[in-house]
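**Q** First, the structure itself, so that you have it in front of you.
The values are calculated or read from the model by the stated rules, or taken from the named source; none is laboratory data. Treat the numbers as computed from the prediction; the structure is a model and nothing was measured. A quick note on method: Cβ atoms are made from the backbone with ideal geometry, for glycine too, and the neighbour counts reach across all protein chains shown.
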Amino acid sequence: MGEHGGSSVELLRLITAGSVDDGKSTLIGRILFDARALQSDQLSALSRARHARTISADAQLDLALITDGLESEREQGITIDVAYRYFRSAVRRYILADAPGHEQYTRNLVTGASQADVGIILIDASKPGLAAGSDSLPAQTLRHTAILRLLRLSHLVFVVSKMDLIAFDEGVFKRIEALVQRLRADLGIESGPCIPVSALLGDGVTYPSIRAPWYRGPSLMQYLDALSIPQRAEPGLARRDGALVFPVQVALRHAGNSQQPLRAYLGTILRGCMFPGQEVVAYGSGAYARVKAVYPASESRLQPTGPGGASDPAPTPGIPIPSDQDRPSNPIHAATPVAVVLDRPIDLERGDMLGSQPPATPESSRAAPPPGAPQAPGSSANTTEPHALRALATSPEAATELLADFCWLDNQPLDLRRRYALRHTTRLVKVMVTAVEGTLNLETMRYSNAGKAVGANTIGVFRIALQQPIFAETFRSCRALGAFVLIDEVRHRTLAAGMIREIVRIRDDDRFENG
């Protein structure tokens, strides 16, 4: 729901970003305090907490400690891990993630931002350089903004924090606002507000500041409450609209009975919806079937019968199969973990993917097959190949080479001579990075192909050759199918987060091996 007229309360996911000690944790603490989202025992515990740094005059506690829950965070006065907090306003519900600002923990920002709709980027107005008229924002602020831009968050809002420390000086704010507008132009970010706040005193957070009468815009929460966010499923990257995409996470053998065992496929719907009677096609093999039953994972009584569910031993009696009247008939939408039973056996395993053309209604895909259409063995007359294969018009492409944006997260640099592993949805394939097309210069906010080594926190563009194809789309068209991570399987480390710009080469056999 993108508007406020619906009956349900919309959920908005936020992430804070910016340089070290810009006031991110304190801002979140103020938002939670003003929203009355803190219990009395939390406030009491925080009032007795060690390592308090800044005390709010009205709250009598260090608001930053609300999200900085680790002892090491409180000792050092920095945020290390991503902390999630939940609250609601009169308009909508929020999940707010406090990401670390230190360069060493940039990987944690990428993790939190991958789930967010809106980025709140803080800039400390009291930093000597900015207060004195610096012509550049801090490097980590630039890096965080570039990362949020790559992750295609719906909105980015800049918050000029700690205005109380510069006596709400309008001139300093205007200079920072000009730097923000230049950064927006460099990165192609749509215009948006630059809001002066003092989280310590509460100015500009929930209500406009009386100490900054020269600012005529909304407070931060007024801006967030008024935002219209494009419809998408929750949580994470999944989308309700578009063709069905269902990556198989694991294949399980349902016990059933010795005469009629069932095989089910477990995973999370990344796009579209699933319902009984729906025609689906397996990308890669071209095999087709109908959905016999689909259960939300929370309601399914399917149980693995072998180690990890991957083996196929004799069924175990005594676990009942839900009756037909118990099987959900309404569509189950994206972002829902489900167990799927098909009407015919298909060779599927972890990493394989099912898809289908999205119908306008569940009934619209159950039309009679064209005359002479082949019938699947053991299926009803309506289970036909031509209907399922209509999914090809909008399905992901089988890619063997990619051009992708990346953020390098590991301390070990990229080695073009090494093989890595690429995780895309549930599929893991061997890859090689064949070329680095360019890296982002934070001073100029331009990409350069000067051959700079790719190390920790480098942002750039590279080409990847895949040993086996993946079924993918660009990150622009579908975040769930355009995102991947690069893995060092020897050290068990995540090396980079990637966003597909372009599918350079598509498999020559026209998408299917046997289709």
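**Q** If a residue must be farther than 20 Å from Glu170 by Cα and either touching a Lys or Arg at 6+ places or on another chain (Cβ under 6 Å) or of a type in the set (A, V, I, L, M, F, W, C) (or both), how many such residues does the stretch 184-196 contain?
**A** 3
**Q** Same structure again: How many of the residues making up the stretch 1-34 are of a type in the set (A, V, I, L, M, F, W, C) and at pLDDT below 85?
**A** 4
**Q** So, in the stretch 108-152, of the ones that are in a loop (DSSP other than H, G, I, E, B) and of a type in the set (Asp, Glu), which residue ends up farthest from Arg92 (Cα to Cα)?
**A** Restricting to residues being in a loop (DSSP other than H, G, I, E, B) and of a type in the set (Asp, Glu), the top hit is Asp135.
Listed here are the residues, each with its yes/no results for (1) in the same structural domain as Glu437 (by TED's automatic domain parsing); (2) modelled with pLDDT of 90 or more; (3) surrounded by fewer than 21 Cβ atoms within 10 Å (Cβ to Cβ); (4) polar (S, T, N, Q).
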| residue | (1), (2), (3), (4) |
| --- | --- |
| Ala456 | yes, no, yes, no |
| Ile464 | yes, yes, no, no |
| Gln468 | yes, yes, yes, yes |
| Ala472 | yes, yes, no, no |
| Cys478 | yes, no, no, no |
| Ile487 | yes, yes, yes, no |
| His492 | yes, yes, yes, no |
| Ala497 | yes, yes, no, no |
| Ile500 | yes, yes, no, no |
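**Q** Find the residue count for the stretch 175-225, including only residues that are in a helix (DSSP H, G or I), among the hydrophobic types (A, V, I, L, M, F, W, C) and either closer than 25 Å to Asn441 by Cα or more than 25 Å from the chain's Cα centre (by Cα) (or both).
**A** Looking only at that region, the number is 7.
**Q** Consider Val91 carefully, then state whether it is of a type in the set (Val, Ile, Thr), surrounded by fewer than 19 Cβ atoms within 10 Å (Cβ to Cβ) and under 22 Å from Gly202 (Cβ atoms).
**A** For Val91, the condition - of a type in the set (Val, Ile, Thr), surrounded by fewer than 19 Cβ atoms within 10 Å (Cβ to Cβ) and under 22 Å from Gly202 (Cβ atoms) - is met.
**Q** Determine the pairs where a residue that is outside any strand (DSSP E or B), located within the stretch 488-499, has a partner that is among the aromatic types (Phe, Trp, Tyr) with Cβ atoms under 8 Å apart, the partner being 6 or more residues away or on another chain.
**A** Pairs that qualify, where the first residue is outside any strand (DSSP E or B) and the partner is among the aromatic types (Phe, Trp, Tyr), are Glu489/Tyr420.
**Q** Something else about it: Given the criteria at pLDDT 90 or above and either outside the structural domain of Ala334 (by TED's automatic domain parsing) or part of a strand (DSSP E or B) (or both), does Tyr295 qualify?
**A** No: the conditions fail for Tyr295.
**Q** Follow-up question, since we're still on this one. Consider the stretch 419-453. How many of its residues are within 25 Å of Asn108 (Cβ to Cβ) and either among the polar types (S, T, N, Q) or in a loop (DSSP other than H, G, I, E, B) (or both)?
**A** Number of matching residues: 9.
**Q** Identify the single condition in (1) without any contact (Cβ under 8 Å) to a residue 12 or more places away in the chain; (2) buried (at least 17 other Cβ atoms within 10 Å of the Cβ) that Ser448 does not satisfy, given that it satisfies every other one.
**A** All conditions pass for Ser448, except number (2).
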